[in-house]
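The next block holds one structure in the form of structure tokens; read it before the comments.
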Amino acid sequence: MFNDNGNMAFNEDAKKIIWQQHYIRLLNAEFPRSKTLPHVEPVIGPACLITREMVLKALKKMKVGKAAGPSGIVVERLKASPNLCCKVIAELANAIVRANRMEGKHHT
């Protein structure tokens with residue numbers, strides 16, 4: 001992981017700074033967008049639940065060899081046990097859908 005000056009980060013504090021720089025840059029960039037959006041009718045009713053098949057389909061699209069995100073979990077680990085992975089992720093996603101909110105510890 002390299003910072004904006006091309007220097008490699010060797011500790012967690014340096015990595016946090018790099019991620020902070022990345023998100024500041026990302027969240028402050030203007031992207032081209034259409035001036036008119038098509039009209040769509042609102043969706044009424046309960047949110048659809050996530051199936052194991054949906055998770056498996058997404059898992060199959062994930063590329064191996066990429067760096068882990070903030071969770072520290074790499075795709076190879078998820079793909080090593082797809083049945084368990086899909087079960088756990090589907091259950092977690094559905095718990096979030098049912099609760100209609102997402103809570104957790106926020107790391108700063």
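The values are calculated or read from the model by the stated rules, or taken from the named source; none is laboratory data. It should be emphasised that the depicted structure is a prediction, and the values quoted were computed from it without experimental measurement. We place every Cβ from the backbone using ideal geometry, glycine too, and count neighbours over all the protein chains shown.
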Legend entry - Single condition K57 does not satisfy, out of (1) of a type in the set (D, E, K, R); (2) closer than 27 Å to I89 by Cα; (3) not assigned by TED's automatic domain parsing to the domain that holds K87: (3)
Legend entry - Test result for K66, without any contact (Cβ under 8 Å) to a residue 24 or more places away in the chain and under 30 Å from F2 (Cα atoms): yes
Inset, instruction - Filter the range 1-43 down to the residues that are in a helix (DSSP H, G or I) and of a type in the set (D, E), then identify the one that is nearest to A67 (Cα to Cα). - result: E12
Inset, instruction - Test K15 against the stated conditions and say whether it is within 27 Å of K87 (Cα to Cα) and at pLDDT 90 or above. - result: no
Inset, instruction - Tell me which residues, restricted to the range 44-81, are in a helix (DSSP H, G or I), surrounded by 10 or more Cβ atoms within 10 Å (Cβ to Cβ) and under 18 Å from the mean Cα position of the chain (by Cα). - result: R52, M54, V55, L56, K57, A58, L59, V75, E76, R77, L78, K79
